[in-house]
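Peer 1: Pasting in a structure now, in structure tokens, and then I'll have a few things to ask.
No value in this document is a laboratory result; all are computed from the given coordinates. What you see is a predicted model; the values in this text were computed from it and never measured. Reconstructed Cβ throughout: ideal geometry from the backbone, glycine too, with neighbour counts over all protein chains shown.
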Amino acid sequence: MSDDAIDEALDWQGKAIDCGVCDHRALLAEGRCAPLRACPHDRYARRIDRFFDWNPLLARHYLAHPYFEARACSAKAAEVFLLLPLLNDPEETVRWSAARRLPKRYLLRMRADPHREVRIRVAGRLEAADLVPMASDEDYYVRQVVARRLPPDLLIMLIQDPDVEVRRVVAQRIEQKHVTRMAGDPDGRVRVEAARRYPAELLPDLIGDADWRVRFEVARRADPERVTKLLGDEDDIVRDTLVARLAGDEAAGRDPYEDIRPGDQREGDR
């Protein structure tokens with residue numbers, strides 16, 4: 001249910017809002033505020049946000065409001081030069097509202113913000129070398145965002161990341177010359193991502209992998225005459241794929257996961 005569908009006008013302390021005593025009551029007749037729709041005193045952020053959309057010049061007066069939603073919403077509309085103190089606000093929502101509008105040098109300061117949601121958003125805005133310090137962030141999802149945004153030539157620093165999903169992203173994006181290093185990863189989900197990027201001539205090196213998905217990739221793309229050992233594979237999909245390719249069936253080389261976005265969860269060992 002949206003804020004606009006909630007039929008109550010209460011402030012952040014749960015008290016009924018009285019437009020008759022509001023400092024902005026003159027705006028009501030001008031259509032620049034409206035009960036249950038646009039009000040800086042309402043406890044619902046969307047209504048506060050809409051008020052400052054309609055009255056941006058009033059936002060500066062709410063930057064120190066005791067209600068964090070009022071501070072966060074006003075930070076979206078107030079003059080930029082007034083926002084710097086909000087980088088030290090106790091609420092992460094307020095800090096981010098300010099940081100996203102300030103010059104980049106202030107955004108860089110937020111790489112070490114104590115709240116993961118702020119760091120995730122910061123990582124989503126920064127690029128290249130500015131992201132490098134965040135590659136060692138304590139939060140796995142921050143590092144995933146970093147892995148998606150770092151230039152491929154810098155991903156080598158995340159090859160041994162403790163989180164498997166970070167390493168999967170690395171295997172999908174790292175420079176081709178480093179892909180073979182990912183084929184020795186302890187997790188099959190990472191090794192299969194590496195195998196999908198392996199040059200066909202090197203795939204026979206992976207014929208003994210413990211994960212059937214890696215061996216399937218070998219059967220699917222390697223020179224079939226070089227991997228006939230897989231005719232005795234324990235997995236029927238691996239065997240059938242190689243048999244079909246040896247028989248000249250080109251459709252057997254189609255990737256069954258080609259319609260799945262990189263990073264999606266896939267079935268593990270059957």
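Peer 1: Taking every pair of alpha-carbon atoms in segment 1-102, give the share separated by more than 20 Å as a whole percent.
Peer 2: 35 percent
Peer 1: So if each residue of separation counts as 0.36 nm, and I subtract the Cα-Cα distance between Asp223 and Glu30, what length gain in nm does that give?
Peer 2: Answer, rounded to one decimal: 61.9 nm.
Peer 1: Quickly rank 142-155, 8-21, 123-136 as a protection proxy: mean count of other C-beta atoms within 10 Å, highest first.
Peer 2: Packing order, densest peptide first, comes out as 142-155, 123-136, 8-21.
Peer 1: With a 10 Å radius around each residue's Cβ, average the other Cβ atoms per peptide and rank 47-57, 213-223, highest first.
Peer 2: Top of the packing list down: 213-223, 47-57.
Peer 1: Same structure again: Starting from the 7 Å offset along Cα-to-Cβ, what nm value, one decimal, do you get for the label separation of Glu234 and Glu138?
Peer 2: 4.1 nm
Peer 1: To continue, here is another question. For mean projected area of the Cα convex hull in nm², pick the label among (1) 19.3; (2) 16.6; (3) 14.4 that corresponds to the value derived from the coordinates.
Peer 2: (1)
Peer 1: Rounded, prolate or oblate: which one fits segment 103-197, using the alpha carbon gyration tensor with axes a ≥ b ≥ c (rounded when a/c is under 1.5, else prolate when a/b beats b/c, else oblate)?
Peer 2: Because a/c hits 1.5 or more and a/b exceeds b/c, segment 103-197 counts as prolate.
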